[in-house]
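What follows draws every value from the coordinates through simple rules; no lab data is involved. Fair warning: this is a prediction, and the values are worked out from it, not measured in the lab. For neighbour counting, all protein chains shown are included, and Cβ atoms are generated from backbone atoms with ideal geometry for every residue, glycine included.
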Amino acid sequence: MYFNRYVKANICLILNLILKSLLSTLTNLMHLSQSLINWYSQNKRPLPWRETRDPYKIWLSEVILQQTRVAQGTDYYHRFLVAFPDVHSLAAADEQDVLKLWQGLGYYSRARNMHYTAKEVVEKHNSIFPDSSAGLKKLKGIGDYTAAAIASICFDEPTAVLDGNVARVISRLYATDTPVDSNEGKKTITDLAKSLLDTNHPGTFNQAVMELGALVCTPKSPACNTCPLSFACEALKRNQIEKFPNKTPKKSPTIRHLNYLVISFTKDKDEFILMRKRTGNDIWKNMYDFPCLESKDASDPKDILDTCVKSGLLGEFPFVVRHVSDEYIHQLSHRRLLARFIRIEVKGVPMLHDNITAVRKNLIAELPLPRLVDRYLATLI
Ligand code: SF4
């Protein structure tokens, strides 16, 4: 009898402790979440896409801002909205015009996917974006992050976003050891972000974490003294901020050597340059650069020229090499391009073949061009 009462009393005590601990955890989470939202309402930057819940505009801003600084992205956001104010106008546009407008932002597959998706939304969804992250993820180019951002901001879906800023803030807040770029790490961060999410204001909460990562919890020298989460930050408590977020060591980038042939000729007093439309699944698909001979290592321009002559690209005409540029270095996410431009003037009209076309020199700037080519063209007299 006494034993039973003793066991019962202990069970009650344990249940009480568990309940108290759950309540305390819940209160802490609510406190964290509320502190963050308060901070956001007072400190957020007045960005144009924060004044709307139109899924087209939010989608546009999210795609533009991937891998792009806000200042540069804002400019492109305005330009896109002027040219394509809604999903209909983007769907009806020519892909070359979309790529041209995107020029300078890099990662051109984003623009191609956006154009493709606009057409899909118009043709298959009656011009209305799906109103859930699951539905949005079925559209080309919309992954977990973009779907969660659109669904939470536009449709109040209680879904946590995960981008670089969120990963940094959460991993420091909880001092998580698993690399944030591994599948396990992403799951850990997403679960923790979900536990913090304010389900009544998911869009505001998501934007608040991202804004904190952008303005306060920055990669280097975070401003912990002004951080609304400092009272609970584990990395700060341990004085180990620089240890987080933990990331998998980066592989060294692949190097590609591009030997560009800038072949010009004159016809009816106009100067033309041979341009190549890039097809296939390599970088810069459907954009324009020059005919190119790629080599494994840095090549002697003379060898490149021999190969060029043998390829028949210059026809049977005499030619003069006008200039060989210094090496241009162009960094992509996983690749480093080392490019050299060999300027050749042909005394005749070369044969055009495959995807090579002759473009009047003064009209080249109207083509969608990779930044590398644009940089070279700026030096061309
Ligand atoms: S206290 Fe410092 S490290 Fe921790 S979340 Fe805030 S800014 Fe980041």
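Brief remarks follow.
- Residues whose amide H falls under 5 Å from that of HIS323, counting only those 5 or more places apart or on a different chain, are ARG343, with hydrogens built in the peptide plane.
- Computed from the C-beta positions of LYS138 and SER333 and an R0 of 41 Å, the FRET efficiency is 0.95 to the nearest 0.05.
- Extension gain from SER89 to LYS269, taking 0.36 nm per residue of separation minus the Cα-Cα distance: 60.9 nm
- Relative contact order (%) - the chain, alpha-carbon pairs under 8 angstrom, separation at least six: 15 percent
- Pairs with C-alpha atoms separated by more than 20 Å, drawn from the list LYS140/LYS251; LYS267/LYS361; LYS186/LYS243; LYS194/LYS251, are LYS140/LYS251; LYS194/LYS251.
- For peptides 359-371, 139-151, sequence by mean Cβ density within 10 Å, most packed first: 139-151, 359-371
- One quarter of the convex hull surface built on the alpha carbon atoms of region 108-176 amounts to 5.4 nm², the projected area averaged over directions.
- Normalised by the number of residues in region 254-377, the average gap of Cα pairs under 8 Å and 6 or more apart makes the relative contact order 37 percent.
- Cα-based convex hull volume of region 254-377 per residue, rounded to whole Å³: 106 Å³
- For the chain, size of Cβ-based charge dipole, Lys and Arg +1, Asp and Glu -1, in debye: 940 debye
- Theoretical ellipticity at 222 nm over the chain - DSSP helices of four or more residues, -39500 (n - 2.57) apiece, nearest 500: -14500 deg cm²/dmol
- Computed over region 25-178, the alpha-carbon pair-distance distribution with 5 angstrom bins reads 2, 8, 15, 21, 20, 14, 9, 6, 4, 1, 0, each value a whole percent.
- Relative contact order for region 205-291, counting Cα pairs under 8 Å that sit 6 or more residues apart, in percent: 14 percent
- Counted over the chain, the DSSP beta bridges are approximately 70% antiparallel.
- Residues ALA71 and SER41, FRET efficiency given R0 of 30 Å [Cβ-Cβ distance, rounded to 0.05]: 0.85
- Rg [Å, one decimal], Dmax [Å, integer] - the chain, C-alpha atoms: 27.6, 112
- Listed by number, the DSSP H helices of the chain that run 30 Å or longer by alpha-carbon position along their axis and have mean Kyte hydropathy of at least -1.0 are 2-43.
- Percent of beta bridges antiparallel (DSSP, region 254-377, rounded to nearest 5): 70 percent
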